[in-house]
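Please read the structure below before turning to the comments.
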Amino acid sequence: MVSDAPLGRRPVILSLAGLLLSACGRDGAPTVALAIASDGDEMLFVPDRLSCPAGSHVRLTLYHAGRILSDPHDWVLLKPGSEAAFVADCDRNPSDDVPIPPGDEKMVIVSTPYCPKGASVTISFDAPPAGRYPFVCSFPGHGHTMRGILTVTANKS
């Protein structure tokens, strides 16, 4: 889902919303709302650290806060240890239509579509097992600084 409504202070609100856990999903797993934004026209994610419990239903919203640069951004959650190879492949992949380089699908857990400036995209996915998972923007040249970590915590049973 892409929205291009004016958002004003929404990046801050979205960041705070990322801390909230909503009601449990239909299978008893918690539903977690996470939010992340680009840092205006800087090539950074804000926040660059996210967390959720293993197995939770995650609803992640990415907001492109840029006002000058027209490059799109996306959010790609990667398997541990694949970040350097994935970013290098993205830099060699000049396609604006295909954010994931051909052959690199096996490195990706989940990703948003490209998001234009001033808009938002939202995806839903089930959190992977406990661990630390890198995330990056796959647009060529962005993954060197637009990166962060999703920490998936063990369930407390």
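The values are calculated or read from the model by the stated rules, or taken from the named source; none is laboratory data. Model, not experiment: these values are computed from the prediction. Note that each Cβ is placed from the backbone with ideal geometry, even for glycine, and that neighbours are counted across all protein chains shown.
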- Query: Among C90, C52, which is the only one that is modelled with pLDDT of 85 or more and over 17 Å from S124 (Cα atoms)?
  - Reply: C90
- Query: Wholly within the stretch 54-153, which strands (runs of 3 or more DSSP E) include no fewer than the required count, namely at least 3 residues that are on the phi < 0 side of the Ramachandran plot, of a type outside the set (K, R) and in contact (Cβ under 8 Å) with a residue 60 or more places away in the chain?
  - Reply: 57-63, 120-126, 147-153
